[in-house]
Amino acid sequence: MEKQSYDAKDITVLEGLSAVRRRPSMYIGSTGSRGLHHLIYEVIDNSIDEAMAGICNNILVMLNKDNSVTVIDNGRGIPVKKVDKYNASAVQVVLTKLHAGGKFGGEGYKVSGGLHGVGVSVVNALSEKLKVEVRRDGSVYRQEYKRGEPLTGLKKGESTKSHGTVITFFPDPEIFEEIDYKYEILATRMREMAFLNQGLKITFMDNREDQEKKEVYQYKGEIVDFVKFLCEKKDALHKKIIYISNRDTYHELEIAMQYTSGYAESIFSFANNINTTEGGTHLSGFRGALTRTINDYARSNNLLKERDENLTGEDIREGLTAIISVKLKNPQFEGQTKTKLGNSEIKGFVESTVNAKLSEFLEENPSVGKVIVNKGLEAARARSAAKKARDLTRKKSLLESSTLPGKLADCSVNDPQFCELFLVEGDSAGGSAKQARDRRFQAILPLKGKILNVEKARLNKILNSVEIQAIITAMGTSIDEEFDIKNARYSKIIIMTDADVDGAHIRTLILTFLYRYMPVLLKEGYVYIAQPPLYQIKSGKEVFYAYSEKELQTVIEKLKGAKSEVQQYKGLGEMDADQLWETTMNPETRTLLKVEIEDALIADDIFSTLMGNKVEPRREFIEKNAKEVSFIDV
Ligand code: 0RA
């Protein structure tokens, strides 16, 4: 992309910071784990912008022992000159005025969208303390802030020939529920950024006590490396990853893709490094051109007979893993979460590029072409079988709410807003749960043993599974393209399984199904995991429950001297109805883990690792994560 000069004068200002502290969620989405991570992303995004401007090639992110975060880059450095209008340095304007990132108005390039690019001032506002150090114009400059307020002016220090910015911030415990960074989530994001910005080196160091780790992400091979990485745990159908790129004055486009033997479609699109989870013009351009090009290729090579119908887009995308990344000068972000690219001109640019270059690739690599068409044909056959199965099932149950599954103990209240559905492992635990529940608003659906692994089956088979049918009918939403959240019969769906390996497996199977066929439930925060206790500690007449090893130790320490009796719960069935209610189901006393998919890329990766065809990555993953019960951020 073209470089542009930019300076203090270009900074336009919109609003003060008190609004941010008053309503933090408006700016960072939440004050939970996701919002906390968002602070880090916000600072990194600014460094990445420097990389996109062609200045910065090195970023270091550190989680410090004192729970602060440091981000160092060798970009231009935040401008330091005085902004007359505010009678303050540009650094201070950038850090104290909303949207003063310099990416609004002015001559500088503009990238940000959605929650991204709310500006480092938001990070400052939500930090107990923030320190900034800028190397620029021959000197080092420093300043400190407390909850968004400068403690001093910008101080000029020693001279330097280098350039860049160091920001250290302490997220404010008054704002955040808990300051606990999740290494894996942050690491995935940084790896993603390194994939999308060829050559950029991102070092991630976790310096927190007892969890010291360091990783360096730097990729030389365009986004091909990204797809290679995503497919490592999948079973690829062709060796060579397809790579397409193009650029003109205003746009850059890169696509990398590979087919795998799975059934899911894993296409991830980005615009200016922002994961456009709601898609947009670049994605629809890609999809349209892909469908057309593959059909044309299949026809002209006689792989599709004259009497055959064209393959649908869905058929052609089955098992496809792809990254599509565009960079453009004035991205328009739309949609509910501002992650849908709206620039209409990019659609044609992507279409014509894919039409030309993908056909060229297929002509040069006919064996790959054949594999792709065959995969599509197979998907088409399965689709028509599935449609028949689905039509049947639908008639039988999916749409008729009067035929709720026999095993479901429904609640008496009708308003979904107040209702919860418990998916319970096993008939016996299901029985206790039915006794324990508050039948007014809690419904129980016992599931027998392992449900079908949907990662290894196509829709027709999935719909034949009694357990899965029961989940679908109970929820009332239908699935896939017919899914409609408006028909949800409950606003919480709570997975309650034993606290052992089998329980974890069943939970993963259910989550996999929900993720692939009812993803909106996950995205909208409908899905929870119940937390049954692991231990009961009895001391005289007192009863305590411990939900982890650590809690058990704390309880035992507290009871020092007193005689106590510890019982380990191996399954839900070992609790009587009262205990189950008190510890796990009563909204007043229970804790639920909300399943949040912070990053679809992580989720896709986890589900293909855990549920896909390859055994080795699964073993590695389980060994690595054996101690962590939940691998999805909750
Ligand atoms: C405003 C304007 C410019 C850069 C930045 C802010 C900037 C912010 C951060 C935050 C972390 N690292 C950063 N690096 C730069 C443009 C500067 C120019 O054109 O010289």
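Among helices (runs of 4 or more DSSP H) entirely within region 447-519, having at least 1 residues that are crowded, with 21+ Cβ neighbours inside 10 Å and under 24 Å from the mean Cα position of the chain (by Cα) singles out 466-475, 501-517.
With respect to LYS228, is the statement that it is over 22 Å from the mean Cα position of the chain (by Cα), more than 16 Å from the ligand (Cβ to nearest atom) and without any contact (Cβ under 8 Å) to a residue 60 or more places away in the chain true? The answer is no for LYS228. Do we have SER25 as modelled with pLDDT under 90 and away from the ligand (no atom under 16 Å from the Cβ) here? Yes: the conditions hold for SER25.
Figure legend. Inter-residue proximity from region 367-387: first residues under 16 Å from ARG458 (Cα atoms), second residues among the charged types (D, E, K, R), beta-carbon distance below 6 Å, spacing 6+ or different chains. Indicated pairs: GLY376/ASP315; ALA379/ASP315; ALA379/GLU318; ALA380/ASP315; ALA382/ARG458.
Beta carbons closer than 9 Å, at least 6 apart along the sequence or on distinct chains, pair a first residue in region 423-435 that is farther than 11 Å from ILE506 by Cβ and without any contact (Cβ under 8 Å) to a residue 40 or more places away in the chain with a second that is in a strand (DSSP E or B) and open to solvent by 10 Å² or more (accessible area, probe 1.4 Å) for GLY430/ALA409; LYS434/ALA409. Scanning region 108-119 finds no residues that are at pLDDT 90 or above, open to solvent by 10 Å² or more (accessible area, probe 1.4 Å) and more than 11 Å from the ligand (Cβ to nearest atom). Pull up region 32-48, narrow it to residues that are open to solvent by less than 30 Å² (accessible area, probe 1.4 Å) and polar (S, T, N, Q), then point me to the one that is farthest from the ligand (Cβ to nearest atom). Step by step, filter region 32-48, then rank; the result is SER33. In region 49-64, the residues that are at positive phi and more than 8 Å from the ligand (Cβ to nearest atom) reach residues that are part of a loop (DSSP other than H, G, I, E, B) and not hydroxyl-bearing (Ser, Thr, Tyr) with C-beta atoms within less than 6 angstrom, at least six apart or across chains, in these pairs: GLY54/LYS3. Exactly one residue among VAL555, VAL527, VAL520, VAL595 is at pLDDT below 90 and either farther than 30 Å from ARG439 by Cβ or of a type outside the set (S, T, N, Q) (or both), and that residue is VAL595.
All told, LEU151 falls short of being of a type in the set (A, V, I, L, M, F, W, C) and under 27 Å from the mean Cα position of the chain (by Cα). When ASN58, ASN124, ASN87 are checked against the criterion of being surrounded by fewer than 22 Cβ atoms within 10 Å (Cβ to Cβ) and modelled with pLDDT of 95 or more, a single residue qualifies: ASN58.
Checked against the criterion of being away from the ligand (no atom under 16 Å from the Cβ), open to solvent by 20 Å² or more (accessible area, probe 1.4 Å), in contact (Cβ under 8 Å) with a residue 24 or more places away in the chain and acidic (Asp, Glu), the candidates GLU158, GLU222, GLU192, GLU212 yield just one match: GLU222. Is it true that some residue in region 521-533 is open to solvent by 70 Å² or more (accessible area, probe 1.4 Å), over 18 Å from ILE451 (Cβ atoms) and either out of contact with any Lys or Arg (no Cβ under 9 Å at 6 or more places or on another chain) or not aliphatic (A, V, I, L, M) (or both)? Yes - at least one qualifying residue is present in region 521-533.
The conditions of being within 30 Å of LEU463 (Cα to Cα), surrounded by fewer than 20 Cβ atoms within 10 Å (Cβ to Cβ) and touching a Phe, Trp or Tyr at 6+ places or on another chain (Cβ under 7 Å) are not met by VAL555. Residues that are buried (at least 20 other Cβ atoms within 10 Å of the Cβ) and more than 15 Å from the ligand (Cβ to nearest atom) within region 162-175 comprise PRO171, ASP172, ILE175, listed in sequence order. Within the set LEU398, LEU404, LEU421, the sole residue that is at pLDDT 95 or above and either within 32 Å of the chain's Cα centre (by Cα) or open to solvent by less than 60 Å² (accessible area, probe 1.4 Å) (or both) turns out to be LEU421.
Where strands (runs of 3 or more DSSP E) fall entirely within region 226-337, those with at least 3 residues that are open to solvent by less than 10 Å² (accessible area, probe 1.4 Å) are at 251-259, 266-271, 320-328. What residue, among those in region 71-95 that are near the ligand (Cβ under 7 Å from one of its atoms) and over 14 Å from TYR141 (Cβ atoms), is nearest to the chain's Cα centre (by Cα)? Looking at the filtered set, the residue picked out is VAL71.
The values are calculated or read from the model by the stated rules, or taken from the named source; none is laboratory data. It should be emphasised that the depicted structure is a prediction, and the values quoted were computed from it without experimental measurement. Every residue, glycine as well, gets a Cβ built from its backbone with ideal geometry; the counts of neighbours run over all protein chains shown. Please note that ligands, DNA and RNA were not included when accessible areas were found on the heavy atoms of the full protein model with its side chains. Shrake-Rupley method; radii C 1.70, N 1.55, O 1.52, S 1.80 Å.
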